[in-house]
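Heads up: the structure comes next, in structure tokens.
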Amino acid sequence: MTICQISDIHCGSPYFISDLLERSILEINELDPEAVVVSGDLTNAGYRQEFETAAEYIRRFDCQNVMVIPGNHDSRNVGYIHFERLFGDRYSCIEFEDAVMVGIDSSEPDLNDGRVGREHYDFIHDTFAKTEDKLKIFVIHHHLIPIPGTGRERNIIYDAGDVLELLADTRVDLVLSGHKHVPYSWKLEDMFIVNAGTASTTRLRGNTRPCYNVIEIEDGRVRVFRKYPFKDRELIVDFDARTHEYRHYEEIQGDGRPGDRGQRRTIS
Ligand SMILES: [Fe+2]
Ligand SMILES: [Fe+2]
């Protein structure tokens, strides 16, 4: 099973590059994924025309299961009205034979900061708890844990500690996030927290490049690749959700040298 995660496409931004998004859609459709996740910041400022443009692109994913959640930019200027009209509920769940995926809205109107909110904990808990044997994937726009190379940290949600505990208690395997356009991954407890970069803008920090994530799941084994539109892909995370064996490949941001958690691998 393949899931593609694309994030922070930012239609309407002066930094939006349509070629990158067109190419990403083409590449993703070629993979014929079971699901596509669009993890927020579809727009620049939540305006109607930006949402219409984003929806036109997202409709081109040739996939039955497209999960779209809003980001902080989408909740600017009452943008969530357009979001709901075009994409439906801001909280959603997709269940597959071997996996369950829960997506939530962590944005707050006109704020860059985010939260999940206690009122949503039961939905998250109950959805994951009733699918005990499946791979559990949680999708949220904001960070749950600080990401290096994003400047002075102020981007984790207000209730990050409570949400992390909730996810660990319900044995979530994989968290997919976006927000600050810095691709990265952390392992916490038995959970991998994978942050996507921006797929289609040059709103980039440091030496990061536009990219999206490809997640391959087979018999409980999960492999996460970072894919650069037009270019190569790299294996980032490789773990077995049943045995919790894992290999973690990541580069420490900014200095270009391999981190001490493993060598970077390029797979074309
Ligand atoms: Fe963003
Ligand atoms: Fe964001």
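The values are calculated or read from the model by the stated rules, or taken from the named source; none is laboratory data. Nothing here was measured: the structure is a model prediction, and the numbers come from that model. Heads up, the Cβs are rebuilt from the backbone with ideal geometry, glycines too, and the neighbour counts pull from every protein chain shown.
Per the listing Leu166, Leu176, Leu135, the residue uniquely touching a helix residue (DSSP H, G or I) at 6+ places or on another chain (Cβ under 7 Å), touching a residue at least 12 places away in the same chain (Cβ under 8 Å) and surrounded by 18 or more Cβ atoms within 10 Å (Cβ to Cβ) is Leu166. If the condition is being of a type in the set (S, T, N, Q) and farther than 24 Å from Asp74 by Cβ, then segment 137-176 contributes only Thr170. When segment 104-156 is filtered for residues that are among the hydroxyl-bearing types (Ser, Thr, Tyr) and part of a loop (DSSP other than H, G, I, E, B), the ones remaining, listed by number, are Ser106, Thr131, Thr150. Mind telling me which of the residues Ile217, Ile193, Ile140 ends up being closer than 24 Å to Glu30 by Cβ, among the β-branched types (Val, Ile, Thr) and either within 16 Å of ligand 1 (Cβ to nearest atom) or surrounded by 18 or more Cβ atoms within 10 Å (Cβ to Cβ) (or both)? Of Ile217, Ile193, Ile140, the one residue that is closer than 24 Å to Glu30 by Cβ, among the β-branched types (Val, Ile, Thr) and either within 16 Å of ligand 1 (Cβ to nearest atom) or surrounded by 18 or more Cβ atoms within 10 Å (Cβ to Cβ) (or both) is Ile217.
Quick grid of which residues meet (1) within 16 Å of ligand 2 (Cβ to nearest atom); (2) at pLDDT below 95; (3) out of contact with any Ser or Thr (no Cβ under 6 Å at 6 or more places or on another chain):
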position	(1), (2), (3)
Ile17	no, no, no
Arg23	no, no, yes
Leu26	no, no, yes
Glu30	no, no, yes
Val38	yes, no, yes
Asp41	yes, no, yes
Asn44	yes, no, no
Arg48	no, no, yes
Glu56	no, no, yes
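Each residue in segment 1-51 was checked for being assigned to a loop (DSSP other than H, G, I, E, B), within 18 Å of the chain's Cα centre (by Cα) and either under 19 Å from Asp74 (Cα atoms) or within 11 Å of ligand 1 (Cβ to nearest atom) (or both), and 8 pass.
Does segment 192-200 include one or more residues that are hydroxyl-bearing (Ser, Thr, Tyr), touching a residue at least 24 places away in the same chain (Cβ under 8 Å) and touching a helix residue (DSSP H, G or I) at 6+ places or on another chain (Cβ under 7 Å)? Yes. For segment 106-119, the count of residues that are touching an Asp or Glu at 6+ places or on another chain (Cβ under 8 Å), under 15 Å from Val172 (Cβ atoms), away from ligand 1 (no atom under 15 Å from the Cβ) and modelled with pLDDT of 95 or more is nonzero. Please work out if Phe225 is at pLDDT 95 or above, among the hydrophobic types (A, V, I, L, M, F, W, C) and within 18 Å of the chain's Cα centre (by Cα). The answer is yes for Phe225. For Asp74, state whether it is within 16 Å of ligand 2 (Cβ to nearest atom), in contact with a helix residue (DSSP H, G or I) (Cβ under 8 Å, 6 or more places away or on another chain), in a helix (DSSP H, G or I) and free of Cβ contacts under 8 Å to residues at least 60 places away in the same chain. Taking the combined requirement at face value, the residue satisfies it.
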